[in-house]
1. May I ask you to sort 88, 120, 159 by Cβ crowding, counting other Cβ atoms within 10 Å and putting the fewest first?
2. Using 0.36 nm per residue, how much length does the chain from residue 121 to residue 161 gain when fully extended, once their Cα-Cα distance is taken away?
3. Out of 145, 55, 41, any idea which swings most in a Gaussian network model of the chain, alpha carbons joined below 10 Å?
4. Compare 47, 79, 104 in a GNM of the chain, Cα atoms joined below 10 Å, and give the one with the largest fluctuation.
5. With an 8 Å cut-off on Cα pairs and a minimum separation of 6 or more residues, tell me the relative contact order of the chain in percent.
6. Tell me, what is the FRET efficiency for residue 139 and residue 101 to the nearest 0.05, using R0 = 22 angstrom and their Cβ-Cβ distance as r?
7. Using the count of nearby Cβ atoms within 10 Å as a rough guide to exposure, how do 144, 45, 15 rank from fewest to most?
8. How much length is gained if the chain between residue 87 and residue 65 is pulled fully straight, taking 0.36 nm per residue apart and subtracting their Cα-Cα distance, in nm to one decimal?
């Protein structure tokens, strides 16, 4: 897959660097990743987003169906992911870790969005008791980031085939 391979090459190019944005494109699909820190094996990322104008006319029902399929595909993160909310007016499906990771310092969870506009996005959050949630970097191996790219791309293909 061209997009995944190009993305992984770009990750290797920023090994040892901090606060970098990696952007690669393949036709109408653009992959953006905000990297806090990169190593030879992994990257700490704040966001991982695959954008595509191909999703501009998709209806909410198809997004809901595809969100469940995406959750089934992405079964290799720290917590399982489940759809939790659909914004029919905004045509967005929100998915989240179910259950979140919890320890004495608070909760940690993934949040994914599937938007008609069109994008699929992954973020990681921390919620400490008595504080508002904050986005935190999640360290993922290059292999996992490559799989995310493939799974997000496969979800777009599935939507387009609907």
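Derivation of every value follows stated rules applied to the coordinates shown; laboratory data play no part. For clarity, every value in this text was computed on a predicted model and none was experimentally measured. In this analysis, Cβ positions are derived from the backbone assuming ideal geometry, glycine residues included, and neighbour counts consider all displayed protein chains.
1. On the way: 88 12, 120 27, 159 22.
Fewest to most other Cβ atoms nearby, the residues stand as 88, 159, 120.
2. Numbers: separation 40, 0.36 × 40 = 14.40 nm, distance 2.04 nm.
Length gained between residue 121 and residue 161: 12.4 nm.
3. Looking only at 145, 55, 41, the biggest GNM fluctuation is shown by 41.
4. The residue with the greatest mean-square fluctuation here is 104.
5. Numbers: 341 pairs, mean separation 36.7, N = 162.
Once normalised by length, the contact order is 23 percent.
6. Details: r = 13 Å, r/R0 = 0.61.
It comes to 0.95.
7. Details: 144 16, 45 23, 15 13.
With the sparsest Cβ surroundings first, the list reads 15, 144, 45.
8. Details: separation 22, 0.36 × 22 = 7.92 nm, distance 1.39 nm.
Roughly 6.5 nm would be gained on extension.
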